[in-house]
Amino acid sequence: MSGDGTIMVAGAGPAGLMLAAELTLAGAEVTVLDALPERSPHCRGFNLNARSLELLDRRGIAGRFLAEGPAVPAGMFADPARPLDLTVMDTDHPYVLGIAQTRVEELLEQWLAELGVPVRWGHAVADLEQDGDGVEVTVESGGRRWRTRAAYLAGCDGSRSLVRKRAGIGFPGTPATHYGVLADIRLADPAALPFGMTKGERGTVFVIPRPGYVRIVLDDPEPPADRDEPVTLPYFQRLLDDQLGRRVELREPRWLTRFGDAARLADRYVAGRVVLAGDAAHIHPPTGAIGVNVALADAVNLGWKLAATALGHAPGGLLHSYHDERHAAGERLLSTIRAQTALAGHDPALAPVRDLFGELVERVPGAGKYLAELATGVSTSYDPRIPGDHPWLGRLAPNLELTLDGRRTSVAELLHRARPILLRLGDRPLPAAGDGVDTYDARCPAQPGLEGLLIRPDGHTAWVSTTSDPQPGSTLATALATWFSAGSRVG
């Protein structure tokens, strides 16, 4: 029995919602399931970084998110006392957007509904079996179980992913060695605890303002043997008072939870007809609040590749390039976050290192920009699989202003349809790219030496040509065959 062509997405968090939208834009049939009866009101993250806003801008929906919260032009790499200046980054969005993860998910679900795809809440993937033609998925809802067939199954079902486990995908890494607790709660006296970092007698307390309440984050120096044991208000109150060295009365808890600094990375992002994205593929310490942002980056990289593969017009190996690119990005992310976590910790032996980092950012030209683009994902680059040393090659193409058929447009606007685009910008003739790639004859006055750009649906540059290139057509043909022509091979 062959797969029916549907791609099933397990999980309606940021990765699952964004992936479902990308697949739909690419022409694939999508079903989205989530085990929860409705969206959880509890929120772990509160920001979208520049990289995420760039990706959302290339789908024409960044404005929906920007209308929701403050844009802060500073970020932290390790030392809160020495914030990074984000305005130095090469991006249209040189800031962090303050927005709750729950609101990000609501806006993504609204966009997905506009594309005609509902989320089936209260439907859990309970088991799976795959073969060469598809995946047999056992779904559970309302006490009933049934089996259904999908061409591919995307596990976007979180850090404890059942899809990952049933597919036999390893999840190596390091277990948690340090724990923290957080409370979304109201202060009896709002003036008793300022926002931001407060150093107490035995620890540091982090307070984030929220509408009608605050989020308080504390170290949990002696967690219970069962790390899943619920965090109670008396327990949290005792930790807070002990670390501050004084009493701050708490009331009306909305959410109390424990978290750790485990770091794990799936050994395969693609296993036959099962793929992983978001927390199902990687978990990391909470430093930098990067989880939502990495999930969106996974989804945008995966969507066009999975859709092309399912629809039968992908080059050989295209889907596996998702693993190659995002697994490498995950390794880099974990390394960066481990460094941030170590530097941001309380080990006095690392104080000189923190000071040195601060001096580097302040005194060495370009050091602050490097760290800012590293921490926000703006510097993310993929192997373009063709020769060339242009600085844009493999990176997200800049949002160039263009003149097309007498009107002004931009790279971001042309990518709203989530299709690959070839820009022919110079006077030398370049071939058209064929039916699978949108070709535009345009002008870019700000880049007079630029003759052509081939841009993948995820916005990354696959080919660049300038007036100094002797034979641009040959490398263009290689790039087209690598990423978009059925029957060619990647790698």
(message) Using +1 at the C-beta of Lys and Arg and -1 at the C-beta of Asp and Glu, which of A271, P286, P37 has the Cα lying farthest in the positive direction of the dipole of the chain?
(response) P37
(message) For the chain, give me the percentage of DSSP beta bridges that are antiparallel, rounded to the nearest 5 percent.
(response) 75 percent
(request) Treating each Cα of segment 428-471 as an identical point scatterer and ignoring solvent, apply the Debye formula and state log10 I(q)/I(0) at q = 0.19, 0.21, 0.25 Å⁻¹. (result) -0.66, -0.81, -1.11
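Assuming a viscosity of 0.692 mPa s and a temperature of 37 °C, what translational diffusion coefficient in µm² per second does Stokes-Einstein assign to segment 305-452, Rh being the Kirkwood radius over Cα pairs? Intermediate results must be reported in sequence, preceding the final value.
Working: Rh = 19.0 Å.
Translational D for this selection: 173 µm²/s.
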(request) Could you work out how far apart the two model spin labels at Q471 and H320 are, taking each label as a point 7 Å from the Cα in the direction of the beta carbon, and quote it in nm? (result) 2.9 nm
(request) Using only the Cα atoms, work out Rg/Rh for segment 117-194, with Rh taken as the Kirkwood radius, to two decimals. (result) 1.21
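For the chain, compute the orientation-averaged projected area of the C-alpha convex hull (one quarter of its surface), in nm².
On the way: hull surface 99.4 nm².
Seen from a random direction, the Cα hull of the chain projects 24.9 nm² on average.
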(message) What three numbers, in Å, describe the spread of the alpha carbons of segment 188-281 along their principal axes, ordered from the longest?
(response) 56, 32, 23
(request) Could you tell me what percent of the accessible area of the chain is made up of carbon and sulfur, with a 1.4 Å probe and every protein chain present? (result) 52 percent
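Based on a Kirkwood Rh over C-alpha pairs, give the Stokes-Einstein translational diffusion coefficient of segment 44-192 at 37 °C and viscosity 0.692 mPa s in µm²/s. Don't skip to the end; give the middle numbers.
On the way: Rh = 19.6 Å.
D = 168 µm²/s.
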(request) Per residue, how big is the convex hull around the C-alpha atoms of segment 98-256? Give it to me in cubic angstrom, could you? (result) 182 Å³
(request) With unit charges on the beta carbon (Lys/Arg positive, Asp/Glu negative), name the residue among P230, G203, L311 whose Cα is farthest towards the positive pole of the charge dipole of segment 196-338. (result) L311
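Just to be sure I follow: if Rg is taken over the C-alpha atoms of segment 263-346 and Rh is the Kirkwood radius over the same atoms, what is Rg/Rh? Spell out each step's value before the answer.
Details: Rg = 14.3 Å, Rh = 13.5 Å.
Reported Rg/Rh (Cα atoms, Kirkwood Rh): 1.05.
What dipole magnitude, in Debye to the nearest 20, does the chain give about its Cα centre under +1 on Lys/Arg Cβ and -1 on Asp/Glu Cβ?
Dipole about the Cα centre, nearest 20: 260 debye.
Given the -39500 (n - 2.57) contribution per DSSP H run of 4+ residues, what per-residue ellipticity at 222 nm results for the chain, rounded to the nearest 500 deg cm²/dmol?
Working: 12 runs with 143 residues, N = 491.
-9000 deg cm²/dmol, from helical runs alone.
Going by average Cβ neighbours within 10 Å, how do the peptides 193-202, 474-483, 45-54 rank, with the highest at the top?
Values: 193-202: 12.6, 474-483: 19.9, 45-54: 24.7.
The densest-packed peptide leads the list: 45-54, 474-483, 193-202.
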(request) Determine the dipole magnitude for segment 246-340: charges of +1 sit on the beta-carbon of Lys and Arg, -1 on that of Asp and Glu, nothing else is charged, the reference point is the Cα centre, and the result goes in debye to the nearest 20. (result) 340 debye
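For segment 22-99, just run the numbers: alpha carbon Rg, then divide by 2.2 N^0.38 Å, N being how many residues it has. Provide the component values of the computation, followed by the final result.
Numbers: Rg = 16.0 Å, N = 78, 2.2 N^0.38 = 11.5 Å.
Taking N as the residue count of segment 22-99, the ratio is 1.39.
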(request) Which order do the peptides 139-147, 277-285, 14-22, 205-213 take when ranked by the mean count of other beta-carbon atoms within 10 Å per residue, highest first? (result) 14-22, 277-285, 205-213, 139-147
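The values are calculated or read from the model by the stated rules, or taken from the named source; none is laboratory data. Just so you know, these numbers come straight off a predicted model, no measurement behind them. Glycine also receives a Cβ, built like all others from the backbone with ideal geometry; neighbour counts cover every protein chain displayed. Ligands, DNA and RNA are excluded from the accessible area calculation, which covers all protein heavy atoms including side chains. Shrake-Rupley method; radii C 1.70, N 1.55, O 1.52, S 1.80 Å.
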